[in-house]
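Asker: Before we start, here is the structure in question, set down as structure tokens.
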2 protein chains.
Amino acid sequence: MKKLLGTSLLLLSLTVFGQVQEDSIQFSKISIEILNNGKSYTELKDLTKNIGHRLSGSEAYEKSVKWAEQKLKDAGADKVWLQEVMIPVWERGKESLQIKTSNGTWKGLKMLSLGNSEGTGGKDISGEIIMVKSMEEYEKLPAEKVKDKIIFFNYPFSQSFVETFRGYGDAAKYRTTAASLTAKKGGKFAIIRSLSSAFDDVPHTGAMRYEDKVNKIPAVAIGNTTADELEKLLKSQKITAKLNSNCEMKGEKLSHSVIGEITGKKDKSVIVVGGHLDSWDVGEGAHDDGTGIVQSIEVLRTFKKLGIQNNHTIRVVCFANEENGVKGGIQYGKTAKENNEKHLFALESDAGGFTPRGISLEMDDAKRNQIKGWSALFFPYGVYNFEGKYSGTDIYPLHDMGVPTAELVPDSQRYFDIHHTEEDTFEKVNRRELLLGAVAMTQIIYMIDKNW
Amino acid sequence: MKKLLGTSLLLLSLTVFGQVQEDSIQFSKISIEILNNGKSYTELKDLTKNIGHRLSGSEAYEKSVKWAEQKLKDAGADKVWLQEVMIPVWERGKESLQIKTSNGTWKGLKMLSLGNSEGTGGKDISGEIIMVKSMEEYEKLPAEKVKDKIIFFNYPFSQSFVETFRGYGDAAKYRTTAASLTAKKGGKFAIIRSLSSAFDDVPHTGAMRYEDKVNKIPAVAIGNTTADELEKLLKSQKITAKLNSNCEMKGEKLSHSVIGEITGKKDKSVIVVGGHLDSWDVGEGAHDDGTGIVQSIEVLRTFKKLGIQNNHTIRVVCFANEENGVKGGIQYGKTAKENNEKHLFALESDAGGFTPRGISLEMDDAKRNQIKGWSALFFPYGVYNFEGKYSGTDIYPLHDMGVPTAELVPDSQRYFDIHHTEEDTFEKVNRRELLLGAVAMTQIIYMIDKNW
């Protein structure tokens, strides 16, 4: 009996070893194929240079829908379709922010209205600037000191966190809540210091939200250098700010997420891999999230190119409207539920096209530990960190339905230098870093498809 | 007895836990200090923009010696000195490479002579280009097919390796040996395809070597795009190339490495941390190796700033002449031996100022395993890979004397896009990536100083 057990263990370990070796060879094939023949980089160039930024509701977004449809067909999808989504239409229009110092002259500041913010309807709105350095400081300000004033939330992005997403998370409430907080005490509009890890003067836009039943006043962002200069000026004098902007939320319109899949050979349960097709209306939406889109298409193309027989359906989803509504993600989840589709797993890439370091796992411990058990396979590809417990915004609706979800974790050091800015361009993406992200995504999808 | 043993084990584990906690707190202090107050980035800007590239023997190199001396004093070194080194003086001068296609017109190509190469003495040298795609192909060429010809070694940088240093290592022999190989079969000069991971037309220089007793003919590099175009042209026609260059090895001159240290509080045994101060004569020597220099100075500054009591002497060495002679490293080892200085450890940063991923260890297994035992402390800083078994060029002489040596391992994806080119500029360095490298360096030096 003992001997038999020994033999079975030996056979088992040989089988496991054979499996690991087979997986290791497949990982290598995936990597060599993508590093040499991957199309992500040239497709990203096409998307960013020929279409550019593509905010929900814009003509450019509609062009990108057609673009993604074609790219999924080119990649070899068995089936490509558009999923209807009602998306918000927010437009920026012309905007300007000026300050008047004690010498009486007006000076224009580099700025961007925050996304979803109302404007001034093309009229000038002005008032004295009151600066606060933190929420706590703002909370202590009595309403009479805020009334008719402009509140400047000058909270700096913390450099202390190693993961810059933690610095972003730490400062994000200023962007989302500054307008309503200011309105509740009678202020005229809010200025925030950009959520930026860079030491430059580039303003960062991004979504803000209005609280229900609170007056909708404008909120704008200024770059770090301008914020520092303004802080300095405010130490010695009163400063008046004047805003003129035409931003406007113009209701909703019908648009689409783009979906393509290769049908499962064993069953029709679905593995999703995706990113979001929309972007803010500045820069080129390269790292956010053109890279996630081209990498997801690369996964499908690589399965076809290498002839990997997928057990389950592998579905690429190019989500609509992540930036200012997540309507694409919500609609996708809703439709999946309505159609009673079984989803095995969903992976998003929406943290930039930088060199990958890990995969963050939002799922039960049994599944998490199974994936962690594969980590030796990933190590040679620089992917070692499976400790994160979050996943992508667009796949939260799937997560909430009980689907195990995950997100690619690229190196985060450069992301918040350029996130939601004019600087988020193709030139900021490195070819090999982008492709290695697609390699890791294809590898994890391969393992899930094979083992789940 | 059993109970006593239990108690001792408990005490021991509490002590170990206390140690780990103390180290973890110190790691955090180092990281927060450098990410917020580190001077590496502004000092790199100063070095690259106010001095620029600084080849051994140039006036700029001598300026950088004075610069490093001052920066080490500013950082709080107890002692700063210059170490005399005889270094080679190689000068590029004017250079041009042209090709004549079958339509008879001459066309200039973007090129760089390889470092240490002889020129044409200002005269034109021309001949028909013969292309080979590999060493094997060249070896098969009979001498009569090479005689009086120009040999174009068109070996591409392999994209298949995840670590780009492996691609570099794979292609490096073409740069180092092309000239002598060509000369031995009677060729006039050699052209190589640049050792470049980028898909652009930037030529990469770098050191070549002449074999003894072989005619010293010129060798030049062209960028990838030019190489591809040339390959295409050669398929349909004979091409003549004409080189005119003034490069020249002008003998030796006295120069200096720059050294600064903080004296050990317990003993005078030495821990070295360094990079090389010289660079090639193009670009700004930013990633290669301005970043290693400013990071090494940051280590010293951080020890002083945080008041860390160093047991052993911590010595920053800014090595002279890594690029075309390693004379600074060789001289440093020689002097250490002559002075009978005990060296505990040496760490180099010479792989670019990119986000750190690991520390490569060239030492016996006992020491390697001790350092690997600290890896949980490094993990939160993105430093997880201690598998490498090599170390820096400048500290090989120390390694050969039995000193345990190591090298910072930054992410390698972008390095060979810009290595030894006009593109190796300050703008290619990210502030946080650079500073995190200095964090990891300070952390490992802290651990070695405390535990060895």
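Asker: Looking at A:THR263, A:THR291 in this structure, which one is β-branched (Val, Ile, Thr) and open to solvent by 10 Å² or more (accessible area, probe 1.4 Å)? Don't jump to the end; show me each part of the working.
Answerer: Working: A:THR291 fails: open to solvent by 10 Å² or more (accessible area, probe 1.4 Å).
Sole residue among the options that is β-branched (Val, Ile, Thr) and open to solvent by 10 Å² or more (accessible area, probe 1.4 Å): A:THR263.
Asker: Moving on to the next point. Have a look at A:ILE51, A:ILE34 and point out the one that is of a type in the set (Val, Ile, Thr), closer than 22 Å to A:THR263 by Cα, buried (at least 20 other Cβ atoms within 10 Å of the Cβ) and at pLDDT 95 or above.
Answerer: Numbers: A:ILE51 fails: closer than 22 Å to A:THR263 by Cα.
Sole residue among the options that is of a type in the set (Val, Ile, Thr), closer than 22 Å to A:THR263 by Cα, buried (at least 20 other Cβ atoms within 10 Å of the Cβ) and at pLDDT 95 or above: A:ILE34.
Asker: With the condition kept exactly as written, say whether any residue in region B:319-336 is crowded, with 18+ Cβ neighbours inside 10 Å and part of a strand (DSSP E or B).
Answerer: Yes; the residues of region B:319-336 include at least one that is crowded, with 18+ Cβ neighbours inside 10 Å and part of a strand (DSSP E or B).
Listed here are the residues, each with its yes/no results for (1) touching a residue at least 40 places away in the same chain (Cβ under 8 Å); (2) not in a strand (DSSP E or B).
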| residue | (1), (2) |
| --- | --- |
| B:TYR174 | no, yes |
| B:THR177 | no, yes |
| B:ILE191 | yes, no |
| B:LEU195 | yes, yes |
| B:VAL220 | yes, no |
| B:THR226 | yes, yes |
| B:LEU230 | yes, yes |
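Asker: Filter region B:363-391 down to residues that are within 11 Å of chain A (Cβ to nearest Cβ), open to solvent by 70 Å² or more (accessible area, probe 1.4 Å) and either touching a helix residue (DSSP H, G or I) at 6+ places or on another chain (Cβ under 9 Å) or in contact (Cβ under 8 Å) with a residue 12 or more places away in the chain (or both), then give me how many there are.
Answerer: 2
Asker: Residue by residue through region B:344-367, note down the ones that are in contact with a Leu (Cβ under 6 Å, 6 or more places away or on another chain) and farther than 25 Å from A:GLY358 by Cα.
Answerer: Selection gives B:ALA346 alone.
Asker: Kindly indicate whether B:SER197 is within 13 Å of chain A (Cβ to nearest Cβ) and surrounded by fewer than 20 Cβ atoms within 10 Å (Cβ to Cβ). Please lay out each step first, then the result.
Answerer: On the way: within 13 Å of chain A (Cβ to nearest Cβ): yes; surrounded by fewer than 20 Cβ atoms within 10 Å (Cβ to Cβ): no.
Spelling it out, it is not the case that B:SER197 is within 13 Å of chain A (Cβ to nearest Cβ) and surrounded by fewer than 20 Cβ atoms within 10 Å (Cβ to Cβ).
To keep it simple, each residue is scored yes or no on (1) at pLDDT 95 or above; (2) outside the structural domain of A:LEU44 (by TED's automatic domain parsing); (3) farther than 30 Å from A:ALA219 by Cβ.
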{"site": "A:LEU230", "(1), (2), (3)": "yes, yes, no"}
{"site": "A:ILE239", "(1), (2), (3)": "yes, yes, no"}
{"site": "A:GLY260", "(1), (2), (3)": "yes, no, yes"}
{"site": "A:GLY275", "(1), (2), (3)": "yes, no, no"}
{"site": "A:ASP281", "(1), (2), (3)": "yes, no, no"}
{"site": "A:ILE293", "(1), (2), (3)": "yes, no, no"}
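Asker: Continuing with the same structure: Could you pull out the residue among B:ILE395, B:ILE444 that is crowded, with 21+ Cβ neighbours inside 10 Å, more than 17 Å from the chain's Cα centre (by Cα) and away from chain A (no Cβ under 14 Å)?
Answerer: Numbers: B:ILE395 fails: more than 17 Å from the chain's Cα centre (by Cα).
The match here is B:ILE444.
So that you can scan it fast, the table gives a plain yes or no per residue for (1) within 14 Å of chain B (Cβ to nearest Cβ); (2) open to solvent by 50 Å² or more (accessible area, probe 1.4 Å); (3) touching a Gly at 6+ places or on another chain (Cβ under 9 Å):
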position	(1), (2), (3)
A:ASP148	no, yes, yes
A:TYR155	no, yes, no
A:LYS185	no, no, no
A:ARG193	no, no, yes
A:PRO203	no, no, yes
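Asker: Search region A:29-46 for residues that are touching a residue at least 60 places away in the same chain (Cβ under 8 Å) and more than 8 Å from chain B (Cβ to nearest Cβ) and pair each with any residue that is surrounded by fewer than 20 Cβ atoms within 10 Å (Cβ to Cβ) and not hydrophobic (A, V, I, L, M, F, W, C) when their beta-carbon atoms are under 8 Å apart and the residues are at least 6 apart or on different chains.
Answerer: A:GLU33/A:LYS305; A:ASN37/A:LYS305
Asker: Also, I was wondering about something else. What are the pairs with Cβ atoms under 8 angstrom where one residue, in region A:112-138, is open to solvent by less than 10 Å² (accessible area, probe 1.4 Å) and the other, located anywhere, is in a loop (DSSP other than H, G, I, E, B) and of a type in the set (A, V, I, L, M)? Sequence gap at least six, or different chains.
Answerer: A:LEU114/A:MET208; A:GLY115/A:MET208; A:SER117/A:MET208; A:ILE129/A:ILE239; A:VAL132/A:LEU141
Asker: I would also like to ask the following. Of everything in region B:47-98, what is of a type in the set (A, V, I, L, M) and out of contact with any strand residue (DSSP E or B) (no Cβ under 6 Å at 6 or more places or on another chain)? Give them in sequence order.
Answerer: First pass over region B:47-98, keeping only residues of a type in the set (A, V, I, L, M): B:47, B:51, B:55, B:60, B:65, B:68, B:72, B:75, B:77, B:80, B:82, B:85-87, B:89, B:97.
If the condition is that a residue be of a type in the set (A, V, I, L, M) and out of contact with any strand residue (DSSP E or B) (no Cβ under 6 Å at 6 or more places or on another chain), then B:LEU47, B:ILE51, B:LEU55, B:ALA60, B:ALA75 are the ones that fit.
Asker: With the requirement that a residue be surrounded by fewer than 24 Cβ atoms within 10 Å (Cβ to Cβ) and within 14 Å of chain B (Cβ to nearest Cβ), what does region A:402-413 give you?
Answerer: Hit for region A:402-413 is A:SER412, nothing else.
The values are calculated or read from the model by the stated rules, or taken from the named source; none is laboratory data. Being a predicted model, the structure only gives us computed values, none of them experimental. In this analysis, Cβ positions are derived from the backbone assuming ideal geometry, glycine residues included, and neighbour counts consider all displayed protein chains. In case anyone asks, the SASA skips ligands and DNA or RNA and just uses the protein heavy atoms, side chains included. Shrake-Rupley method; radii C 1.70, N 1.55, O 1.52, S 1.80 Å.
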